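Below is one structure, written out as structure tokens; the observations come after it.
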């Protein structure tokens, strides 16, 4: 039951993020934003979709249903950090890469200290969510896949920010 509640919460959050992203996308486009990384974006969507599917399948095939409270608490701390990122970026937060020329970069919140805090959150989520339920295959496989995807993604985002 804990897993069902937890995974439902994670899925609802992801859907909420997509809704927020779509709303911000409209604002960004109305203000002259240019999208970068269109080619790799479908792969990011697929990665996150298959991540959720893998969580459910791996959990369903386990003999015992247990969870690690430490990782569940850690996940909620990561969410607090994510809220800080979302509030800091405001209308600029998006699941896609958009850039509006001649606007200064956001340098408040965690962006005062690090360049890509949102990606740190994604890295942590992809490791912590499966570890909360001892789903080691999903944790390892998707950490590796996500690292490969972020290599492409961060390179593309840095290119957009330079232009």
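The values are calculated or read from the model by the stated rules, or taken from the named source; none is laboratory data. Quick caveat: nothing in here was measured; it's all calculated off a predicted structure. All Cβ positions, even for glycine, are placed from backbone atoms using ideal geometry, and neighbour counts span all protein chains on display.
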Counting only residues that are touching a helix residue (DSSP H, G or I) at 6+ places or on another chain (Cβ under 7 Å) and either modelled with pLDDT under 95 or not in a helix (DSSP H, G or I) (or both), region 4-36 contains a total of 1
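Out of the residues in region 148-158 meeting the condition of being in contact (Cβ under 8 Å) with a residue 60 or more places away in the chain and out of contact with any strand residue (DSSP E or B) (no Cβ under 7 Å at 6 or more places or on another chain), tell me which one is nearest to residue 129 (Cα to Cα). Give the steps one after another, and end with the answer.
First pass over region 148-158, keeping only residues in contact (Cβ under 8 Å) with a residue 60 or more places away in the chain: 149, 152-153, 156-157.
Within this subset, residues satisfying the condition of being out of contact with any strand residue (DSSP E or B) (no Cβ under 7 Å at 6 or more places or on another chain) are 149, 152-153.
Numbers: 149: 18, 152: 23, 153: 22 Å.
Among those that are in contact (Cβ under 8 Å) with a residue 60 or more places away in the chain and out of contact with any strand residue (DSSP E or B) (no Cβ under 7 Å at 6 or more places or on another chain), it is 149.
Go through region 101-140 and count every residue that is part of a loop (DSSP other than H, G, I, E, B) and either modelled with pLDDT of 95 or more or out of contact with any strand residue (DSSP E or B) (no Cβ under 8 Å at 6 or more places or on another chain) (or both). Explain how you work it out, then say what you get.
From region 101-140, those part of a loop (DSSP other than H, G, I, E, B) are 101-108, 113-116, 132-135; that's our starting set.
Applying the additional criterion that residues be either modelled with pLDDT of 95 or more or out of contact with any strand residue (DSSP E or B) (no Cβ under 8 Å at 6 or more places or on another chain) (or both) yields 102-108, 113-116, 132-135.
Residues that pass the stated criteria total 15.
Answer with yes or no whether residue 145 is assigned to a helix (DSSP H, G or I), within 19 Å of the chain's Cα centre (by Cα) and either under 16 Å from residue 44 (Cα atoms) or in contact (Cβ under 8 Å) with a residue 24 or more places away in the chain (or both). Let's see the steps before the verdict.
Numbers: assigned to a helix (DSSP H, G or I): yes; within 19 Å of the chain's Cα centre (by Cα): yes; either under 16 Å from residue 44 (Cα atoms) or in contact (Cβ under 8 Å) with a residue 24 or more places away in the chain (or both): yes.
Answer is yes for this residue.
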When region 105-134 is checked residue by residue, the ones that are loosely packed, with under 13 Cβ neighbours inside 10 Å and over 18 Å from residue 24 (Cβ atoms) are 107, 112, 113, 114
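Within the bounds of region 71-85, is there any residue that is farther than 22 Å from residue 19 by Cα, without any contact (Cβ under 8 Å) to a residue 24 or more places away in the chain and either surrounded by fewer than 18 Cβ atoms within 10 Å (Cβ to Cβ) or within 14 Å of the chain's Cα centre (by Cα) (or both)? Walk me through how you get there before you give the answer.
Pass one, region 71-85, residues farther than 22 Å from residue 19 by Cα: 71-74, 77.
Subsequent filtering for residues that are without any contact (Cβ under 8 Å) to a residue 24 or more places away in the chain retains 73, 77.
So of that shortlist, the ones also either surrounded by fewer than 18 Cβ atoms within 10 Å (Cβ to Cβ) or within 14 Å of the chain's Cα centre (by Cα) (or both) come out as 73, 77.
Yes, region 71-85 contains at least one residue that is farther than 22 Å from residue 19 by Cα, without any contact (Cβ under 8 Å) to a residue 24 or more places away in the chain and either surrounded by fewer than 18 Cβ atoms within 10 Å (Cβ to Cβ) or within 14 Å of the chain's Cα centre (by Cα) (or both).
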